[in-house]
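The values are calculated or read from the model by the stated rules, or taken from the named source; none is laboratory data. On a predicted model such as this, the values are computed, not experimentally measured, just so you know. Note that we place each Cβ from the backbone using ideal geometry, even for glycine, and neighbour counts take in every protein chain shown. The area values use the complete protein model at the heavy-atom level, side chains included, leaving out ligands, DNA and RNA. Shrake-Rupley method; radii C 1.70, N 1.55, O 1.52, S 1.80 Å.
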Amino acid sequence: MDLSKIHSVTKSYSWKGEFIGYVAVDSGTAQQMWIPLDEGNYHYQAVVKAVQDGACHINEPLFTFFYSVLGKSKKVVGYNTNLGFVPADDQNALYVLLLKVIAERTAENRGSAAKGDIPRCTHLKFCLFFPRPWPHLSGPFFCNWSYNLSKDSNPVTCLITLSNHPENPSNPIHAAITSLGIENLQVATSALLLQHAMLEIDFDIDDLWRLFKAERKAGFGSNSDFIDDQVEQGRIRFDCKKGTPDTRVLLQVAPQFLRRAVADIANDVAQAFNREYGGYSVGFIREPNLQEQFLCLLHNNGDEHHLWQFGQQSGHSFNLSGEWHRRGPVAQSKTLSLGSVANRLRALIEAGFALEAIVVANAYNEVVCREIVAAIVSHDQGAMEWVLASTKFGYDRSRELLLNAIDCIPDASHKSELVAWLKNLASVYRHRNAYAHALKSINHELDKSVDTVREAEMLLRPLLDVFENGRLMGMIQQLLIGSEEIISHKAKTEMRYTQQLHH
């Protein structure tokens with residue numbers, strides 16, 4: 001978005017009334033951009049300058065409708081609005097703005113909602129979609145499924161149902177032939193049909209508190225702050241005391257705090273079905289998938305279902321069309337580049353092979369360490385060739401010599417980050433050894449797919465995160481530039497001694 005063409009921005013507040021940023025809207029494309037209050041953010045700097053220069057003015061958010069939310073004593077505890085829930089708190093900036101709107105009657109008053117708009121229900125149902133259909137199914141297929149909350153508690157039982165959708169699938173071969181203007185369709189096209197596997201997971205509402213406690217103990221992952229914030233909002237919305245959250249509060253945040261449980265159950269079901277009935281794998285569910293391809297429903301013992309929440313695909317698109325102008329041929333090499341390794345790691349993790357991704361990442365780390373040490377001693381052709389011969393020069397030795405070299409770096413910040421990187425390499429190596437030599441995970445049960453993926457993504461962040469990797473490569477380059485001065489006398493002496501032992 002070109003902010004030079006934006007002449008106004010709107011303040012953005014949290015539900016607590018905290019001023020957290022601006023929303024800019026491109027009048028031509030209607031594209032929106034949220035700009036956080038961050039002095040280091042380029043767009044925030046541009047807005048501040050435009051306001052100071054008089055080229056841009058700031059608007060308060062606009063309320064278009066509201067209705068009051070009543071607590072247990074019929075007292076107004078807040079308002080549901082087009083901007084979300086606003087608690088009745090005189091210190092809340094949004095509430096102060098809303099009171100002004102109410103007094104001026106510039107927004108639609110929709111009355112009150114005493115019960116918080118939650119239908120009567122006994123069960124919470126998640127519907128998830130896999131990229132491929134269940135093989136062998138001729139109709140819905142169901143059973144009771146046990147989910148182990150932890151080693152110290154009894155499992156929760158839920159009802160699972162497998163089905164394929166749509167019931168009348170499209171035929172991509174027929175559609176392709178038709179789109180090409182071919183009228184003679186005398187070809188066998190019935191074998192390939194486009195369907196998706198759907199898995200329904202039914203939780204009893206009475207189990208929500210046990211599930212919440214178990215998931216909170218395990219950790220909510222990247223959603224932790226959001227879930228805590230929504231629980232706090234729910235207590236106010238439903239006029240609850242502190243302590244055990246009200247069932248209505250838990251229902252509000254269930255699609256967020258149950259992501260780990262839902263993904264684990266889905267992947268466990270897919271693996272069990274594949275083991276028992278064979279065929280191909282329908283796919284693997286990761287936490288991000290639950291933001292885009294799920295439905296959450298409420299129902300009362302199987303009666304009328306109510307749509308509660310649903311995932312939405314990201315609206316971001318490059319809108320590609322026409323000829324694809326390649327950037328150039330990929331260089332042929334027997335050794336994978338960083339870009340190729342990162343792509344393989346992502347592909348493995350997305351397919352459910354997080355531990356296998358750690359093995360591949362460790363192989364790349366070993367190669368990188370050897371090449372860095374070789375570059376440091378490149379003034380000595382014999383030493384460099386010896387280092388690059390992996391059968392003679394071990395990974396532990398590479399990391400030890402690198403640590404000696406890093407100790408001599410004058411820049412303390414670079415030194416600390418490179419030492420942290422070496423510690424990460426050691427951690428990846430330990431996880432690799434546990435899996436490659438004993439088929440074990442160090443910290444998690446292998447059926448806990450989400451925990452395993454979370455740990456793998458954290459361990460492999462220096463390779464998967466473009467910013468982190470770019471910064472790391474820059475620091476390594478600084479290490480190599482001054483290698484003659486940086487590498488310590490002790491490291492050189494130990495390298496020569498080790499080389500003599502191998503000879």
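Some observations on this one:
- When segment 217-265 is filtered for residues that are among the β-branched types (V, I, T) and in contact with a Pro (Cβ under 9 Å, 6 or more places away or on another chain), the ones remaining, listed by number, are V231, I236, V253, V262.
- Segment 213-255, residues that are open to solvent by 30 Å² or more (accessible area, probe 1.4 Å) and among the small types (G, A, S): A218, G221, S222, S224, G243
- Among (1) modelled with pLDDT under 75; (2) in a loop (DSSP other than H, G, I, E, B), the one test that Q500 misses: (2)
- Here is the figure for segment 57-105: residues that are among the charged types (D, E, K, R) and touching a Phe, Trp or Tyr at 6+ places or on another chain (Cβ under 7 Å) total 1.
- Counting the residues of segment 132-172 that are farther than 30 Å from K213 by Cβ, open to solvent by 80 Å² or more (accessible area, probe 1.4 Å) and not in a strand (DSSP E or B) gives 4.
- Summed over segment 93-108, the residues that are touching a helix residue (DSSP H, G or I) at 6+ places or on another chain (Cβ under 9 Å) and surrounded by 13 or more Cβ atoms within 10 Å (Cβ to Cβ) give a count of 1.
- Single unsatisfied condition, L83 versus (1) crowded, with 16+ Cβ neighbours inside 10 Å; (2) modelled with pLDDT of 90 or more; (3) more than 16 Å from E108 (Cβ to Cβ): (3)
- Selected residue (criterion: farthest from V231 (Cα to Cα)) from residues of segment 75-110 that are among the small types (G, A, S) and touching a Gly at 6+ places or on another chain (Cβ under 8 Å): A93
- Test: residue in segment 59-80 that is open to solvent by less than 60 Å² (accessible area, probe 1.4 Å) and over 24 Å from S14 (Cβ atoms): no
- Taking each residue of segment 134-155 that is within 16 Å of F273 (Cβ to Cβ) and at pLDDT 90 or above and looking for partners that are of a type in the set (F, W, Y) and in a loop (DSSP other than H, G, I, E, B) with beta-carbon atoms closer than 9 Å, six or more apart or interchain, yields P135/Y280; F141/W134.
- When the criteria are applied in full, L128 fails the requirement of being open to solvent by 20 Å² or more (accessible area, probe 1.4 Å), touching a residue at least 40 places away in the same chain (Cβ under 8 Å), assigned to a strand (DSSP E or B) and in contact with a strand residue (DSSP E or B) (Cβ under 6 Å, 6 or more places away or on another chain).
- In segment 47-93, counting only strands (runs of 3 or more DSSP E) that sit wholly within it, the ones holding 2 or more residues that are at negative phi and of a type outside the set (A, V, I, L, M, F, W, C) span 57-59, 65-70, 76-81.
- Selection from segment 402-442 of residues that are without any contact (Cβ under 8 Å) to a residue 40 or more places away in the chain, of a type in the set (A, V, I, L, M), part of a helix (DSSP H, G or I) and under 23 Å from F353 (Cα atoms): A426, A434, A438
- Within segment 339-391, if we keep just the residues that are of a type in the set (S, T, N, Q) and not in a helix (DSSP H, G or I), the residue that is modelled with the highest pLDDT turns out to be S378.
- Screening I35 on (1) out of contact with any Gly (no Cβ under 7 Å at 6 or more places or on another chain); (2) free of Cβ contacts under 8 Å to residues at least 40 places away in the same chain; (3) open to solvent by less than 40 Å² (accessible area, probe 1.4 Å) shows it passes everything except condition (1).
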